[in-house]
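First up is the structure itself, then whatever we jot down about it.
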Amino acid sequence: MHGVPSRCVQSLPWKQRPSPPFPSSFSAPFCSSASVYAAAGDAPAPTTLRPRFDYKGLEAQLPLPLQNAQERNDTGANPKLVLDLWKKKVAKEKELNALRAERTTIANEMKRAKELGEEERLAFIARGKVLRQELSNGDVVLRELESELLTEASHLPNLSHPSSPVVDEVVVEEHGSIPLPASVPLTHEELGKKWDLMDFERAAEVSGGMFYFLKNDVAILEGALVSWAMNLVRQKGFTPIVTPDLVRSEYINGTGFNPRSEANQTY
């Protein structure tokens with residue numbers, strides 16, 4: 001069997017944090033789960049789906065993600081930067097929690113204002129104002145850290161299966177005899193035009209370059225393949241669903257797929 005992808009991608013269960021050799025079962029991504037955030041208010045608001053990453057698992061297996069990114073030629077992935085941002089975020093959260101605890105202590109002390117001296121009461125008030133400003137500024141920094149951390153963590157690829165080769169191509173199996181090569185090999189575009197199976201010109205007008213329309217028998221084959229796949233997974237307990245063509249980007253990010261544009265909705 002020729003043309004095997006050089007890196008067959010499957011996901012490593014980071015929460016298990018195994019040491020090599022890897023487990024035989026790969027089922028969960030580094031993005032361990034997702035959280036749904038809903039805006040407060042009386043009117044229903046769109047929810048925001050955010051992936052939740054296992055940063056402790058990443059830290060425990062740090063040499064492996066670095067090697068994986070290099071082998072997959074992923075120049076946008078930076079596990080060390082992700083861990084640095086995560087540690088800064090954790091430190092900022094601890095700092096803000098300490099400030100909130102101090103604010104709560106001051107609030108409790110102010111409840112017995114009649115028992116406090118004027119100087120002590122004014123000192124509490126002044127410190128409360130400082131805490132309010134520090135918390136406000138700190139929340140801004142924390143949100144910026146969270147946003148940058150989420151962006152950088154989303155660039156990390158899932159681990160390739162350890163059995164997948166690093167080289168360009170490996171022959172896994174061969175079936176039958178090797179056919180004689182065509183006297184004049186044709187590209188897929190030439191074959192599609194020759195047998196009236198693809199229309200590149202109209203597709204370029206409608207959708208832009210690098211697109212094509214499927215026609216005639218190959219269009220029927222496309223539908224048959226989709227029907228076969230849907231029936232196959234339905235036998236495994238999955239529910240067939242036809243989704244809208246337009247999806248909010250946060251939901252795409254939540255599934256682990258990174259949109260390539262800055263648009264907030266994607267077809």
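The values are calculated or read from the model by the stated rules, or taken from the named source; none is laboratory data. Every value quoted in this text rests on a predicted model; they were computed, and no experiment measured them. Backbone-built Cβ (ideal geometry, glycine too); neighbour counts: all protein chains shown. Just so you know, the surface numbers come from the protein's heavy atoms only, side chains and all, with ligands and any DNA or RNA stripped out. Shrake-Rupley method; radii C 1.70, N 1.55, O 1.52, S 1.80 Å.
Numbers at a glance
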| read-out | value |
| --- | --- |
| The range 72-108 residues near the modelled residue 116 label - backbone nitrogen below 12 Å, point 7 Å along Cα→Cβ | 103-108 |
| Accessible carbon and sulfur surface of the range 145-237 relative to its total accessible area, %, 1.4 Å | 59 percent |
| Candidate lysines - alpha carbon under 27 Å from residue 114, same-chain residues fewer than 8 apart omitted | 129 |
| Segment residue 146-residue 195, length gained on full extension (0.36 nm per residue, minus Cα span) | 12.3 nm |
| Å² of accessible area per residue within the range 137-208, as computed with a 1.4 Å probe and no ligands counted | 73 Å² |
| Anchor residue 215: lysines whose Cα lies under 29 Å away (excluding residues fewer than 8 positions away in-chain) | 193, 194 |
| Percent carbon-and-sulfur accessible area, the range 95-135, ignoring ligands, DNA and RNA, probe 1.4 Å | 53 percent |
| Paramagnetic label zone (point 7 Å from Cα along Cα-to-C-beta, residue 221; backbone N under 13 Å) in the range 173-209 | 188-189, 191-198 |
